[in-house]
1. Inside the range 145-180, can you point out the residues that are among the hydrophobic types (A, V, I, L, M, F, W, C) and closer than 20 Å to Ile134 by Cα?
2. Looking only at the range 33-69, which residues are touching a residue at least 60 places away in the same chain (Cβ under 8 Å) and among the small types (Gly, Ala, Ser)?
3. Is it the case that some residue within the range 132-147 is within 19 Å of the chain's Cα centre (by Cα), outside any loop (DSSP other than H, G, I, E, B) and closer than 25 Å to Val60 by Cβ?
4. What residue, among those in the range 253-284 that are touching a Ser or Thr at 6+ places or on another chain (Cβ under 6 Å) and within 16 Å of the ligand (Cβ to nearest atom), is most open to solvent (accessible area, probe 1.4 Å)?
5. Could you list all residues from the range 85-131 that are within 13 Å of the ligand (Cβ to nearest atom), within 20 Å of Thr235 (Cα to Cα) and touching a Ser or Thr at 6+ places or on another chain (Cβ under 7 Å)?
6. I'm checking my understanding of the structure. Among residues of the range 105-121 that are within 19 Å of Glu12 (Cα to Cα) and open to solvent by 20 Å² or more (accessible area, probe 1.4 Å), which one is farthest from the chain's Cα centre (by Cα)?
7. Take the range 142-176 and flag every residue that is open to solvent by less than 20 Å² (accessible area, probe 1.4 Å), of a type outside the set (Gly, Ala, Ser) and in contact with a Leu (Cβ under 8 Å, 6 or more places away or on another chain).
8. Output yes when any residue across the range 31-40 is touching a strand residue (DSSP E or B) at 6+ places or on another chain (Cβ under 9 Å) and of a type in the set (A, V, I, L, M), and no when none is.
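The values are calculated or read from the model by the stated rules, or taken from the named source; none is laboratory data. In this text the structure is predicted, and so the values were computed from the model without any measurement. Because the Cβ atoms are built from the backbone with ideal geometry, glycine has one as well, and the counts that use them run over all protein chains shown. For accessibility, only protein heavy atoms count, side chains too; no ligands or nucleic acids. Shrake-Rupley method; radii C 1.70, N 1.55, O 1.52, S 1.80 Å.
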Amino acid sequence: MRLFRFGTTDNERPGVVLPSGANIDVSAFGQDYDETFFATDGLQRLAEWLEVNAENCPTVPGSVRKASCIKRPSKIVCVGLNYAKHAAETNAPIPAEPILFFKATTALVGPDDNVVIPKRSEKTDWEVELAIIIGKKATYVSKEEAFDYIAGYALHNDYSERAFQLERGGQWVKGKSADTFAPLGPVLVTKDEIPNPNSLPLWLRLNGELLQDSNTDDMIFDVPTLVSYISQFMTLLPGDVISTGTPAGVGLGFNPPRYLKPGDVVELGIEGLGVQKQTAVAYTE
Ligand code: ZN
């Protein structure tokens, strides 16, 4: 199943992409894609509901804004330096264990919303990433059972302000959490449709120029390893997001570095998970 959300930021609603490709409004199902939805077998209930009701659901026009493909979750856990060439371009050693950091959930936006360059930012950067959406509460999960805890996957751009992240002291969270720094979607694709998340091409273009071009098979720590590993340190709740790290080709890795300026267009994609397109704009009061 392919789930999306749509509408204005103050009135986002759930939708489903039918196998025919039609985008339908499933507001009448009565539940948004949040923790309760995933925790109460929502994917299965929605599939059954669609068998009876899909034909009566209104179509969502392509012109309507796409929102984050899930409602704001309890947390977004990110993995740092999970591709060897990316670690090298940032002059960091290959990590012995996954590096974890958080991203504020208020950073979530739709896949094609503008990315707002934060106030006083000079180093706003891009990171195409595979995001895992958790399907059920996960505490001390083994690698072998990790897939049981996954609902599906989505495309994520882990926007990063490098000065806030690396030059202002302390944790990376400051550079990862500005509003609009987490475009997620366009769709959550359930895991049954992505047989091998550890072998997906992913790419990112800046103003048409291909800057990131890799495959999730280059990840140092793979999908089941990450779910298991993170669950040793915290409980993952249904709907939580794990962003699995970015390959080489971020702005920080260039000499001299390249960062976003207003008007820049960022396009990215992962095979099977769709594409995103953001235009950079300056922060305004
Ligand atoms: Zn990242």
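1. Correct list: Ala146, Phe147, Ile150, Ala151, Ala154, Leu155.
2. Ala39, Ala67, Ser68
3. So far as the range 132-147 goes, yes, one or more of its residues are within 19 Å of the chain's Cα centre (by Cα), outside any loop (DSSP other than H, G, I, E, B) and closer than 25 Å to Val60 by Cβ.
4. We begin by selecting, within the range 253-284, every residue touching a Ser or Thr at 6+ places or on another chain (Cβ under 6 Å); these are 259-260, 265.
Next, only the ones that are within 16 Å of the ligand (Cβ to nearest atom) stay: 259-260.
Details: Tyr259: 50, Leu260: 14 Å².
This residue is Tyr259.
5. Those that are within 13 Å of the ligand (Cβ to nearest atom), within 20 Å of Thr235 (Cα to Cα) and touching a Ser or Thr at 6+ places or on another chain (Cβ under 7 Å): Lys103, Ala131.
6. So the residue we want is Asn114.
7. Selection gives Tyr153, Leu155, His156, Asn157, Arg162.
8. No, there is no match, as no residue in the range 31-40 is touching a strand residue (DSSP E or B) at 6+ places or on another chain (Cβ under 9 Å) and of a type in the set (A, V, I, L, M).
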